[in-house]
1. Looking at B:Glu107, B:Glu141, can you tell me which residue is among the charged types (D, E, K, R) and touching a Gly at 6+ places or on another chain (Cβ under 9 Å)?
2. Take the conditions touching a helix residue (DSSP H, G or I) at 6+ places or on another chain (Cβ under 6 Å), under 19 Å from A:Arg305 (Cα atoms), touching a residue at least 12 places away in the same chain (Cβ under 8 Å) and surrounded by 24 or more Cβ atoms within 10 Å (Cβ to Cβ) and apply them to A:Ala224. Does it pass?
3. Name the helices (runs of 4 or more DSSP H) wholly within segment A:273-372 that hold at least 3 residues that are aromatic (Phe, Trp, Tyr) and either out of contact with any strand residue (DSSP E or B) (no Cβ under 6 Å at 6 or more places or on another chain) or at negative phi (or both)?
4. From A:Ile183, A:Ile175, grab the single residue that is over 30 Å from B:Glu368 (Cβ atoms) and within 8 Å of chain B (Cβ to nearest Cβ).
5. If I filter segment A:111-123 for residues that are touching a helix residue (DSSP H, G or I) at 6+ places or on another chain (Cβ under 6 Å), part of a helix (DSSP H, G or I), within 12 Å of chain B (Cβ to nearest Cβ) and buried (at least 23 other Cβ atoms within 10 Å of the Cβ), do I get at least one hit?
6. Output the qualifying pairs, or none if there are none: Cβ atoms under 6 angstrom, residues six or more apart or on different chains, first residue in segment A:255-282 and within 21 Å of A:Val138 (Cβ to Cβ) and of a type in the set (Val, Ile, Thr), second residue at pLDDT 90 or above and not in a helix (DSSP H, G or I).
7. Only one of A:Lys160, A:Lys154, A:Lys203 is within 11 Å of another protein chain (Cβ to nearest Cβ) and either more than 30 Å from A:Phe341 (Cα to Cα) or assigned to a loop (DSSP other than H, G, I, E, B) (or both); which?
8. Taking B:Ala326 as meeting all but one of (1) away from chain A (no Cβ under 11 Å); (2) under 24 Å from B:Leu282 (Cβ atoms); (3) surrounded by fewer than 20 Cβ atoms within 10 Å (Cβ to Cβ), write down the number of the exception.
Amino acid sequence: MSPESAILLSLGIPLAGAVLIALFGRRPNLREGVTLTTAALLFGTVLTLVPGIMAGGRPEATLIEMLPGLPLRFEVEPLGMLFALIASGLWIVNSIYSIGYMRANREKNQTRFYICFAIALASTMGIAFAGNMLTLFVFYEALTLSTYPLVTHKGDAAAKQGGRTYLGILLFTSIGLQLLAIIWTWQVAGTLDFTLGGILAGKAEGPVVGILLLLYIYGIGKAALMPFHRWLPAAMVAPTPVSALLHAVAVVKAGVFTVMKVVVYIFGIDLLASTGQNLWLIYLAAASILIASLVAMTKDNLKARLAYSTVSQLGYVVLGAALATSWGVIGGSMHIAMHAFGKITLFFCAGAIYTATQKTEVSELSGLGRVMPFTFGAFLIGALSIIGLPPFGGLWGKWYLALGALQAGQIAMVAVLMISSLLSIAYLMPIPIQGFFGKGNGNPGPVEIKEAPLPCLIAIGITAFGCLALFFFPDPIYQLLRPLGFNTNDP
Amino acid sequence: MIATHLPALQIVVPLVSAPICLLLRRSGLAWALASIVSWAALACAALLLQQVLSSGPISYHLGGWAPPWGIEYRIDAVNGFVLLIVAAIGAVVMPYARVSVAHELPEEQHATFYTALLLCLTGLLGVTITGDAFNLFVFLEISSLSSYVLIALGRDRRALTAAFQYLVMGTIGATFIVIGVGLLYMVTGTLNMLDLAERLPPMSENRTVLAAFAFLTVGAGLKLALFPLHFWLPNAYAYAPSAVTAFLAATATKVSIYILLRFFFTVFGAANTLELGTLENLLIPLGVAAILVCSTVAIFQTDVKRMLAYSSVAQVGYIVLGIGFASTTGLTAAIVHLFNHAMTKGGLFLALGCVVLRLGSARLESLEGLGRRMPLTMFAFVLGGLSLIGVPLTAGFISKWMLVQAALEQDNRFLAAAVAAVILIGSLLAIVYIWRVVEVAYFRPAPEGDGEGEIAEAPLSMLIPTWFLIGASIYFGIDTSLTLGVAKRAAELLLGGGA
C-alpha cells in the first residue's frame, strides 16, 4: 500500500465503519464486530506508515482545493505519526472496553454512540495528518461536533448543561480566536503549510508574534489551558468510554498536539525563543499545572478529579512547547503518549468501578480495593505513571521536560514539575490506598459487589501493561520524535 | 436561434406563463406549469452564465432597438451569477410548494398563488438581467407587488398587517429608486446603465447626481433590509406561507443587494462620485450594527421563523460589510456570501416549512422532541444551522473566511482587527440561536398526549428540495471552484468599473 493511500484510508476506514455500524444498528453483535474490525484495520493502516516516517519520509496527499491556494492537504510527520498511533491503537482497546461498559450499564442509543465514535476517530486522524493549518482546523471542528452527541449521550438536563459548556467553550475559542489567528497568519505569511522552522519567521515580529501566539494558545480550547478548561470537567457527563478515549486521549491530545504543531511548524521554536514571547506562555502553563492540581484535590467525584488532573497534565505539554527548546518539544510530545496510557487506565478503572458498584465519589471507595483488586491494582499503576515514578512510562515525559526547562534556563520550571508531581501524589494516591486499606462502610450497596465485566478488565490490563512497557521501551518514540529537535539553539 | 434569444426567454417565459397559471384555475395544473417554467428558467440561467464565463458579457437588444434608446439586457459575471441563484431557488421551491401550499392555503387561492410566485420570479430575474435603469424599476415593482400578494396569502391574520407594512416600506424604497433614476435621467438624458457610467464622470461634483446617489442608496437599502431599514422584514417572513418565506429570503434581498452593487460600482463607479471613504464610513458601521444587533435580537425570538428572519438581516449585514470594504476580496466575499446564504437560508426555511406542515406552527416550544419524530427534517435544520454559524466544510465557513480576510486586509490595523472580531462574534451569536432550537428539539421529550404516531416525517416532495439546498450548502463549502471563481471574476469586473 502506498503511503498516500494509507493516509486517505486512515480517514476513510473509520468513516466507512460509521456507515456499516449504522447499517447493522439492529444487530448489536455484528455492529460491535464492525467497530472492532474497523479499529484494527485503522491501526494496521497507520502502522504501515511508521517505517517510512522513521526513515525520514514525509508522505503527503491532497484532497481538494477548498479556498484558492489552500487545499485540504495531508502530510505525515513525526508528531502526527505518534498522535495517530496512540489514538488508533487505544481505539481498539477502548472499543473492547466500550462493549463491556455500554452493555453492562444498559445504555440507550448505542448505535449512535458507536457511529459518533467512529466519526470522531476519523476527525482525529485528519488532525494528526493535517498538512496545513486549514486542514487541521477543519478536522478540529469536526471533532468538536462529532463528540457533542457523545458528551450529551444521556440526554437529560445535566447532559444538556454539560454539552452547552462543552460546545460553547470549544466553539467560542476556535471560531472566535483560533480562526482569527489562522486567517491572520495566512495574511502575514501567505501560506499555512506546516514547515519545520516555522512560516512566520521573518514575516512577523515583536508584538504581532505575541498577539498571534495568544490567539492560538487560547484559541485551541481543546488544550484546556486555564481559564478555558471548564469544558473538560463538563464533558464528564459522558459515558466513561467517551471520557477515557476522547477526553483523556483524542480530544485533549488533539488540543495539545495542535499547540505543538503551531509552535514547531507555524512559529518555529527559534522565532519564539528569540522574540522572548514564549516567557508569558511558560508562566501561564505553569500556573495551569499547579492550579488544576490544587483544584483536583478538592474534587470528590472521581471523574471530575481525573478531569482536573488531565487539565494539569495538559499544562505539561503546553509547557514543553512554550520552553521552545529541542528537549522541551520532545518532552512535551512524549508526554502526549505517556499521559495517554496512564490517564486512559485511570478512566477505565473509574468506569469499571461505576459499572460494578454504581459508585462515583472518591469518598465511597474506601475498602473497595479488596473487592476489586484487579481494578485497583491497575489504578495504582496508572496513578504511579501519571505521578511520574519508575518503573512506569510517565517518568520519561517529565524527564525530558525537566531537561528542556534546564536547557531554556528556567530552573523554576523544574521546581514546578516537582511540586506538581507531589500534588498528583496527594490527589491520586489516596484512592488506591483507601481502596486497599480503608475500612469500608460496612453496608454494601444494592448492587452485588464484584469486578467489572471481562471486556473491561481486558482493556484495563492492556493499558496498564502499556504504562509499564513504555518505561522499558521509550526509545522508538524518542527516535520518532528526534527530528523535531532539529535546528535549535543548544545552551 | 434559441441561444441568441436566451436573455429574452429568461424573462418572457415566466412572464407569459403567470397569467396562464391563473387561467388554468386547477391547483395541480397551475403547479405543474409553474414547476416546468421554473426549471426552464434555471436551465436558461445556467446556459447564460456558462456563455458569459466562456465568451464574456452578453448584450441583448430587446426588439432590436439599439441602446441607449432601446432596452438592453446585459449579462456579465455579476448578474449571471445572481440570475443563477434566483432561478435555482425558484426551481427548488416550486416542487416543494405543492404540498406546503395545499396545506396552508385554501384550494381556490392556489392558482393565484402560483401566478404571483411566477410573477415575483419574473420580476426578480428582470431586475437582475436588465441593463436599463428604468426597466429595473419596472421589474422591481413587478416583483414587489407580487410579493405583497404572496405574503398577504399567509393564513395567520397578522400576515395582512405584515404585507401592508412591507407594502408601505417597499413602496417608499421603490419610489426613492425611481426618483434617483429620474434625477440621473434629468442630468444625463439616458437610462442605459453603461451609457450612464460614461456620462457621469464629468459631472461627479453635480449636486443632482449626488442626490440621485443618495436616493438610490436609501431606496435599495430599504429593499435589501439594510439595518436600520429592516423593520418590515421579520414580520413579512414570519407570517408569509412557508414556501414564500423560503423563496423571498433566498432571493428578494439578494437581488436588492445586486441593485446596490450595480449602481455603486458600475453606474457610479467610473464616475468616481463614490469616494471610497463614503462607502466605508456608511456601510461598515451599518453592517457591523446589523450583525451585532440583529443576531442578538434573533436569540430572543420565540418563533423560529422570526428568529431566522432576524438572522437574515444579520447576514445581509455581512454582505454589506463586504461591499463596504470595496476591495476585491471584500466584494468576492460579499458575492460568494450572497450565494452561500441563499442556499443555507433557503434550506433552513424549507426545513421549517416541513415543521410547519406537521405541527402547524414554528414556535420554539412546539418543536419539543422533534429530533426524534422528524429526524431528517431536524438534521437538515442542524446542518443548515452549522452553515449559518460558519463551521468548516459548510458554505458559511467559506464566506466567513473570505470576509475576515477582507477585513484584515484593511490598512487601519485597529479597525481591521475590530471588524474581524465582529464577524466572528456574529458567528458565536449564531451558535446561541441555533443551539436554542437544537436543545429544544433533541433534549426535551415530546409533549405527552398527542401520540407518537401522529407526527411523522415530512413527505418526500418537501424533503428532497430541503435536502437539495442543504446539500448544496455543504457541497459549496468543500468545492468552491464554481462559487469563489465566479465571485472573484464578478468582483474584479465591478471594481474595474464600467463593463
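The values are calculated or read from the model by the stated rules, or taken from the named source; none is laboratory data. All values reported here derive from a predicted model rather than from experimental measurement. In this analysis, Cβ positions are derived from the backbone assuming ideal geometry, glycine residues included, and neighbour counts consider all displayed protein chains.
1. Testing whether each residue is among the charged types (D, E, K, R) and touching a Gly at 6+ places or on another chain (Cβ under 9 Å) leaves just B:Glu141.
2. Here the answer is yes, as A:Ala224 does meet what is asked.
3. Ranges flagged: A:326-357.
4. Values: A:Ile175 fails: over 30 Å from B:Glu368 (Cβ atoms).
When all the criteria are applied, what remains is A:Ile183.
5. Within segment A:111-123, one or more residues are touching a helix residue (DSSP H, G or I) at 6+ places or on another chain (Cβ under 6 Å), part of a helix (DSSP H, G or I), within 12 Å of chain B (Cβ to nearest Cβ) and buried (at least 23 other Cβ atoms within 10 Å of the Cβ).
6. Correct list of pairs: A:Thr258/A:Ile220; A:Val259/A:Ile220.
7. Within the list A:Lys160, A:Lys154, A:Lys203, the selection yields A:Lys154.
8. Result: B:Ala326 fails condition (3) only.
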